1. Please work out the Cα center distance from segment 8-79 to segment 374-424, rounded to the nearest Å.
2. Tell me which aspartates and glutamates have Cα within less than 20 Å of Lys83's Cα, excluding those fewer than 8 residues away on the same chain?
3. Tell me, what ³J(HN,Hα) does each residue in segment 131-139 have, in order and in whole Hz, if you take phi through Karplus 6.51 cos²θ - 1.76 cosθ + 1.60 with θ = phi - 60° and put x for Gly and Pro?
4. Please work out how much length the chain gains when fully extended from Ala416 to Leu456, using 0.36 nm per residue of separation minus the C-alpha to C-alpha distance, in nm with one decimal.
5. By the gyration tensor of its Cα atoms, with a ≥ b ≥ c the square roots of the eigenvalues, what is the shape of segment 4-277: rounded for a/c under 1.5, prolate for a/b over b/c, or oblate?
6. Any chance you could check the Cα centroid distance between segment 235-259 and segment 452-476 for me, in angstrom?
7. Greater than 25 Å separation of Cα atoms is the criterion. Which listed pairs, Lys185/Lys223; Lys236/Lys325; Lys84/Lys368, meet it?
8. Between the DSSP loop rule and a limit of at most 10 other Cβ atoms within 10 Å, which GluC sites (Glu not before Pro) in segment 87-177 are left?
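What follows is calculated from the coordinates using simple rules that are stated; it is not laboratory data. Just so you know, these numbers come straight off a predicted model, no measurement behind them. All Cβ positions, even for glycine, are placed from backbone atoms using ideal geometry, and neighbour counts span all protein chains on display.
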Amino acid sequence: MKTGAQYIESLRKLEPIVYFEGKQIESVVDHPLTRPHVNSAALTYDMAFDPVFEDLVTATSHLTGKKINRFTHIHQSTEDLVKKVKMLRMIAQRTGSCFQRCVGFDALNAAYSTTFDMDQKLGTDYHKKFVEFLKFVQEEDLMLAGSMTDPKGDRSLKPGQQVDPDQFVHVVSKDEKGIVIRGAKQHMTGMVNSHWMLIMPTTALTPDDKDYAVSCAVPVDAKGVFHIFGRQTNDKRKFDEMDQGNAEYGVVGGECLTVLEDVFVPWDKVFMCGEYQFAGLFVERFASYHRQNYGGCKGGVSDIVTGAAAAIAEYNGAAKAAHVKDKIVEMVHLTESLYACSIACSAEGHKLPSGAYYVDPLLANVVKLNVTRNIYEICRLCHDIAGGFIATMPSEKDYKDPKLGKYIEKYYKAVASFPTEERYRMGRLIENMTGGTALVESMHGAGSPQAMRVMLTRQGNVEHKKELAKRLAGIIKEYPAEKEAAATKDKE
Ligand SMILES: Cc1cc2nc3c(=O)[nH]c(=O)nc-3n(C[C@H](O)[C@H](O)[C@H](O)COP(=O)(O)OP(=O)(O)OC[C@H]3O[C@@H](n4cnc5c(N)ncnc54)[C@H](O)[C@@H]3O)c2cc1C
Ligand code: SF4
């Protein structure tokens, strides 16, 4: 396993082409825009060496029997699934932002079981190749970007119907050595500070869209790959300290647009090429694993937001107000509801034919659907308690200005016993964690709400619920036991 420092050193050896405002970022490790995201991901490495947390952050490889970082592990039990959620909450409580590595972790798990099922059904040989790649990832303790989302062009059209065929990543040619792919992946969390990306199809596909059924592993600095780093709310503040709110770990995951301009991928790194029948399953598995996470990582982030609300209420002199206490309790309730559902979908997981464990997909989708609401409500309550100053405070430079600073010190003081700077810093932390980029991530990260509703429609088994009602109303007299068992067994 690598330490955080070794991970950072390993990034220095890579040469990804990353642009921001038209200029190339020379080193993602050293640049102020990208460094907080590197720090955040580095914690997923360092915590594996912490004796208090190693049980959560490490696992035993089912392939080699070696101790590995959990972020490279294939879940072997429901206990593994539960530990994942606990690990994510624990890390998020320290970063207060996205630590990015879960996307690749979920991509590995989705690819592992999907390639297995694909080989069984179609007689292909992807799983063996994937297992070799996985061993390499585990051995080198690599960070992978989970690369599913295509730009998608006109949402009403299928991949092959787009005016521009590159709106979805596709195979443009293949020969005995490998394939060449073209297109882009959008909103790529942690991509610029990952080692490899694991490309997956973005949607279920039909025979007409065979060329879009592609999964493969590509180094982030492969020939033909470049990245355009995304703007974030207030990102220019990364050049200051206090104004950032969370200078060490930043906000969200340092997303980018990754362009793939005729990238060659050798066959041993290709895990799907044309098997459109399995694109939907791939998406569903990745999405369910990723949606499982949100009560963990957003639970941890919400712990900090709740703590920040309670602290700011003390600084403001409002902590004893009954409505403030009640709002804090509500924030705890919303947070624990998210967490409970993440634990539930993990505990209710089941074994797939490959031997890997999979979450209960219905409950995993409920987790993420709740996140698209509860996080907004938690942030709303925090804004309510904090007051308007979090949106209107003067800059750090003015605070440190010899002429202006004393006025900021004087007029941003609330309860006399608390230093103004503490209130200022806490206000900035709340501003950073509860608005702009951070909030949108809760809505669309791991899929927009409608994607979960589609899964709920499919998995909700309303027919069975109708039958339950009809039985109780005396409309159905007989209900065969095997039908009952089928309706309540693990769903996929
Ligand atoms: C901060 C952040 C980080 C992310 N990280 C990653 C990552 O690391 N890896 C990754 O693969 N993805 C990542 N994503 C992408 C995420 O999964 C997508 O944002 C999400 O799936 C929604 O896709 P979209 O943004 O293209 O929105 P759209 O698909 O454009 O959705 C916008 C709205 O249109 C609706 N809509 C879209 N298509 C249709 C249709 N055909 N019919 C009816 N309604 C439709 C949607 O339901 C939604 O309401 C990230 C996103 C964010 C915001
Ligand atoms: S949003 Fe959460 S689950 Fe997704 S990569 Fe970031 S920390 Fe992990």
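1. One Cα centre to the other: 34 Å.
2. Excluding near neighbours in sequence, the set is Asp46, Asp50, Glu54, Asp55, Asp106, Asp141, Asp303, Glu336, Glu348, Asp360.
3. Those phi angles translate into 4, 4, 4, 4, 4, 4, 4, 5, 5 Hz.
4. The span from Ala416 to Leu456 would gain 9.2 nm if fully extended.
5. Oblate is the answer for segment 4-277, as a/c is 1.5 or above yet b/c matches or exceeds a/b.
6. 46
7. Those over the limit are Lys236/Lys325.
8. Filter output for segment 87-177: Glu176.
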